Amino acid sequence: MACVTERKPPGVSFENWIDKQIRLAQERGDFDNLPGSGKPIPGGDVDDELWWVKNYLRRENLPTDSLLPTPLQLRREIERLPDTIRGMPSEQAVRDVVAQLNLQIVEWLRAPSGPRIPVSPVDADEVVATWRRQKQYVRKPQQESPPEPAPDPSRAGRRWWRRGR
């Protein structure tokens, strides 16, 4: 777009003006060597009017959760909470995550938008109890120390200061 055209002259129809601009750009070679030239336009499912959105999300590796209405996003976060807290190092970190989620839920409850889906705040004590149960399962049982080797019978009865003799 190094060459920006001037305004359409009065008395010339838009169709003629645009066709002229396209023809001049083709003559200059502005359309040569464009990425994807000669390839068909990717078509999606004929019955799906949002095929291009799905292709964009797939191409950019974006999560589809962001397309959900707010109450469904919140419910999904509540469902994923046990997985979210699994690796948390402390009870305070778990409570902070729950407090942040409850803050989002209360904001939505004050000004709901989207479909009316029941969403209620999460009980932090229940989540902490779940975290503790998960932490118990994750802990490894204490490894027993290897048994001490049996004393050498040839050295039995020797004192440490006599070993060198």
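Descriptive notes on the structure:
- Cα gyration tensor shape of segment 51-130, rounded if a/c is under 1.5, else prolate or oblate by comparing a/b with b/c: oblate
- ³J(HN,Hα) computed for each position of segment 116-124 - Karplus, 6.51 cos²θ - 1.76 cosθ + 1.60, integer Hz, glycine/proline x: 7, 10, x, 9, 10, x, 8, 7, 5
- Within the accessible area of segment 68-140 (1.4 Å probe), percent carbon and sulfur: 51 percent
- Selected from GLY114, VAL97, TYR137, residue furthest toward positive end of dipole (segment 68-140; charges at beta carbon): TYR137
- Taking θ as phi - 60° and the Karplus parameters 6.51, -1.76 and 1.60, the scalar couplings of segment 32-41 work out to 6, 6, 7, x, x, 5, x, 9, x, 5 Hz in sequence order, x denoting glycine and proline.
- Point-to-point label distance, GLU15-GLU107, nm (Cα→Cβ direction, 7 Å offset): 5.1 nm
- Magnitude of the charge dipole for segment 11-98, about its Cα centre and with charges confined to Cβ atoms of Lys, Arg (+1) and Asp, Glu (-1), is about 200 debye.
- Contour minus Cα-Cα distance for GLU27 and GLU49 (0.36 nm per residue): 4.3 nm
- Accessible area of segment 55-102 divided out per residue, in Å², using a probe of 1.4 angstrom: 67 Å²
The values are calculated or read from the model by the stated rules, or taken from the named source; none is laboratory data. These figures come from a predicted structure and were not determined experimentally. Cβ coordinates were reconstructed from backbone atoms using ideal geometry, including for glycine residues, and neighbour counts include every protein chain displayed. These accessible areas exclude ligands, DNA and RNA; they are computed on the full protein's heavy atoms, side chains included. Shrake-Rupley method; radii C 1.70, N 1.55, O 1.52, S 1.80 Å.
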